[in-house]
Amino acid sequence: MNDLPAELLPAVTVHPACGKLLFALADLAVGAAIEGVLRARGVPAAHARQCSALWLFNPVAANVSTRGSCDSITSALVLLAAMFASGPSRSVTAAAALAALPLGLAVHIRLYPVIYAPSFALHLGARWRRERKKNGKERMAARQRQALPMQEHNGEGVAAQQQQALTLRTLKQEEMSPTKARAAPLIEVLKDGLSPPALLFAAAAAATAAGAAAACVRAYGNAYVDHALRYHATRADNRHNFSMYFYWIYLDYEVRWAADVEIRHNFSMYFYWIYLDYESDNRQLLGLAAFLPQALLVVAAALAYARKNLPLCLFLQTAVFVTCNKVCTGQYFIWYMAVLPLLAPSLGLFGPRGPEQTSALRWLCAAGVAWAVALAAWLLQAYRLEFLGHNTFTTLWMASVMMFLANIAVLVGVIHACAAALPPAACDSPRDGGGSCTKKTV
């Protein structure tokens, strides 16, 4: 429960289709936001529109929105935050403040966008550091130009002075101990995460989400706290979801529900093992084992890619979160489908491609086909179980293993294809003021 009930009042007072119309308009907003993010990152307008069309003509997105799911609103807000964080602005501080508002609202509507907060903070911190470095170089160049007449008068060449500075930097790098060298990336992450724009973003996003929650508490009372906040701590969906851990949750329900609950199926590669071992006393341990890979992979994606390629980071975090989540319905696929079009330039879909990039794209296409085959196999076994009443638990579990492996293959393919498309010294955006982004826009 959030402020959506107020927005959906016209569905009761005016026409039942008003809610679906609102979500369909949010679909259009997602398409516009995709184009806005790519244009802000320097992608040509024609290519940005083509990427936007990948979402606008996605039948899955249209079906989910017109059936009455609000996921497109959340996706639009996340993409709006990415546009503000990546696009040109007067300063990185302004970008941080602008990006925090839509992300805070997205967290208020659906809690899962909170996983993006560290990525945005690291991205803004790295952008701020690059901008400061660029400004420092410009100031140094200006001072050198001012000192040039005096240097020529004294017979000192600029080239000799630059060579001396380069020699000093080389000596400092050689004197750095191995321990400091290994700790340097971690120190950079801490500096970016604790930079003024990152802290401003975190404070503004938290204030936005907390303010919206406070308004709902005032309007709805304890009902909002129970259904929007506490609910996530005790949630146990045992029906109609694709979760890896669905069947364990079903069997862990209280005995009083047993007469009302029918055995269902899920995508989990651990499904059949849990089905056979549901009497084990290690259910809490299994719950922790389910959460740890999800949390570690989400954090690893943020640390590895947030500062270099924000769209890739958002996609990987979303896909990992959905794949490893305890609750997963068909609408969850929308979460990463909305981010996927942003990767088209990074995947090298526009312009000439080299052999390595072509090989990576072939791998990605093969992984996509494997994903579709695994999904069809899973749906077939689910149909036999649900509608025909056949005992397909073993084959359904095998299809779940195929689905999980196909998801991993797609993630690996995306990473390899994006890595093959990046120039050696790529930065996150050609407008960020850092790195060499003249070869290719990512």
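The values are calculated or read from the model by the stated rules, or taken from the named source; none is laboratory data. On a predicted model such as this, the values are computed, not experimentally measured, just so you know. Here the Cβ positions follow ideal geometry from the backbone for every residue, glycine too, while neighbour counts run over all protein chains shown.
See the values below:
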read-out	value
Residue tally, condition in contact with a Gly (Cβ under 9 Å, 6 or more places away or on another chain) and modelled with pLDDT under 60, over the stretch 175-194	0
Those residues of the stretch 392-424 which are in contact with a helix residue (DSSP H, G or I) (Cβ under 8 Å, 6 or more places away or on another chain) and part of a loop (DSSP other than H, G, I, E, B), in sequence order	T392
Check on Q151, modelled with pLDDT of 65 or more, of a type in the set (S, T, N, Q) and on the phi < 0 side of the Ramachandran plot	no
Condition met for S75 (surrounded by fewer than 24 Cβ atoms within 10 Å (Cβ to Cβ), among the polar types (S, T, N, Q) and within 21 Å of the chain's Cα centre (by Cα))	no
Set A61, A53: member being more than 22 Å from L124 (Cβ to Cβ) and surrounded by 22 or more Cβ atoms within 10 Å (Cβ to Cβ)	A61
V327, sole failed condition from (1) part of a helix (DSSP H, G or I); (2) aliphatic (A, V, I, L, M); (3) closer than 21 Å to V107 by Cβ	(1)
Answer residue from the stretch 92-109, given it is of a type outside the set (A, V, I, L, M, F, W, C) and touching a residue at least 40 places away in the same chain (Cβ under 8 Å) and is nearest to L343 (Cα to Cα) among those	G104
Options G68, G87: the member that is surrounded by fewer than 21 Cβ atoms within 10 Å (Cβ to Cβ) and on the phi > 0 side of the Ramachandran plot	G68
Residue in the stretch 334-390 that is nearest to V30 (Cα to Cα), counting only those that are assigned to a loop (DSSP other than H, G, I, E, B) and among the small types (G, A, S)	A338
Checking S280 against (1) in contact with a Cys (Cβ under 6 Å, 6 or more places away or on another chain); (2) modelled with pLDDT under 90, the condition it does not meet	(1)
Counted residues, the stretch 1-50 - those being modelled with pLDDT of 90 or more, charged (D, E, K, R) and crowded, with 19+ Cβ neighbours inside 10 Å	2
Identity of the residue in the stretch 4-55, in contact with a helix residue (DSSP H, G or I) (Cβ under 6 Å, 6 or more places away or on another chain) and assigned to a loop (DSSP other than H, G, I, E, B), that ends up nearest to R67 (Cα to Cα)	L8
V322, sole failed condition from (1) touching a residue at least 24 places away in the same chain (Cβ under 8 Å); (2) crowded, with 20+ Cβ neighbours inside 10 Å; (3) assigned to a helix (DSSP H, G or I)	(1)
Yes/no for S52 being in contact with an Asp or Glu (Cβ under 7 Å, 6 or more places away or on another chain), closer than 30 Å to R218 by Cα and among the polar types (S, T, N, Q)	no
Complete set of residues in the stretch 47-66 that are of a type in the set (G, A, S) and either within 22 Å of T329 (Cβ to Cβ) or in contact with a Phe, Trp or Tyr (Cβ under 9 Å, 6 or more places away or on another chain) (or both)	A61, A62, S65
Inter-residue pairs, beta-carbon under 9 Å, first free of Cβ contacts under 8 Å to residues at least 60 places away in the same chain and buried (at least 21 other Cβ atoms within 10 Å of the Cβ) and in the stretch 110-128, second in a helix (DSSP H, G or I) and among the β-branched types (V, I, T), 6+ apart	P113/T74; P113/V78; P113/V107
Sole residue being closer than 24 Å to L396 by Cβ and either of a type in the set (A, V, I, L, M, F, W, C) or modelled with pLDDT of 90 or more (or both), chosen from A301, A367	A367
One residue from S436, S429 being at negative phi, under 25 Å from the mean Cα position of the chain (by Cα), surrounded by fewer than 18 Cβ atoms within 10 Å (Cβ to Cβ) and modelled with pLDDT under 75	S436
